[in-house]
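What follows is a set of notes on a single structure, which appears directly below.
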């Protein structure tokens, strides 16, 4: 009979590290995890310390309102930096003593949208470094730490997971931001690779593909997408919200997919559907 780790059954004290969680989708994920309960939160940010503090405070307040007492601490780190990636794991180890959920959310849009005939190597390198290389090697560090905690036994089903936030751009071509699309497509394979490797450890690996989500990153293209929604872009004719993505992450975190891994969860208003 397979023996699972004893820590995995301690639902009240689990720990989640969420990258890029000071605003936007990352903030929405943190708030939904706080509302659901069962996790303490490490809120990663890079530039906006004030927003990170506000997110952590909001998470604690939401948790209290829902009847959960939780810790939510902020930690600065650039996922594009090897030293900072190690620093994130060291922070979780030292402050919380365990890691049960990694949410790879941090990412950037191109500084300038450029036709791929005119796109620069500098933009490509920046997007791949932050959006693809960073999550790939942070997952490596997080997985090693989770495996260390397991002590040679597989995790109890559904208790330890890696979730990567990608985009419909993983399969939808936008020729004015090819670097972004390529990085997101790479993350889709990242999910498959880590799912295959970590299955023997009982660690689930999931990809969440948001559609058009209302955040400060998409504010500059608000009018364009308003018009697309009006023209039947998606079956659900509205913008997605960070909370929509957060609810999907929460479903994974609460162990609702104990016999799934490598799975893609669409949070896109039905964008993927082909319709006549």
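No lab work stands behind these numbers, since they all come straight from the coordinates. What you see is a predicted model; the values in this text were computed from it and never measured. Neighbour counts are summed over all protein chains in view; Cβ atoms, including those assigned to glycine, are modelled from backbone coordinates with ideal geometry.
Tabulated results
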item	result
Region 109-122 - residue that is within 22 Å of residue 213 (Cβ to Cβ) and either in contact (Cβ under 8 Å) with a residue 24 or more places away in the chain or not in a loop (DSSP other than H, G, I, E, B) (or both) and, of those, farthest from the chain's Cα centre (by Cα)	113
Residue, surrounded by the fewest Cβ atoms within 10 Å (Cβ to Cβ), within region 89-99, restricted to residues that are closer than 17 Å to residue 21 by Cβ and either in contact with a helix residue (DSSP H, G or I) (Cβ under 7 Å, 6 or more places away or on another chain) or free of Cβ contacts under 8 Å to residues at least 12 places away in the same chain (or both)	89
Criterion: on the phi < 0 side of the Ramachandran plot and buried (at least 18 other Cβ atoms within 10 Å of the Cβ) - qualifying residue of 142, 109, 114	142
Per-region count, region 226-248, residues closer than 23 Å to residue 31 by Cβ and either surrounded by 15 or more Cβ atoms within 10 Å (Cβ to Cβ) or in contact with a helix residue (DSSP H, G or I) (Cβ under 6 Å, 6 or more places away or on another chain) (or both)	10
Failed criterion for residue 251 (all others in (1) free of Cβ contacts under 8 Å to residues at least 60 places away in the same chain; (2) surrounded by fewer than 21 Cβ atoms within 10 Å (Cβ to Cβ); (3) in a helix (DSSP H, G or I); (4) touching a helix residue (DSSP H, G or I) at 6+ places or on another chain (Cβ under 7 Å) hold)	(4)
Region 57-76, residues that are under 19 Å from residue 104 (Cβ atoms) and assigned to a helix (DSSP H, G or I)	59
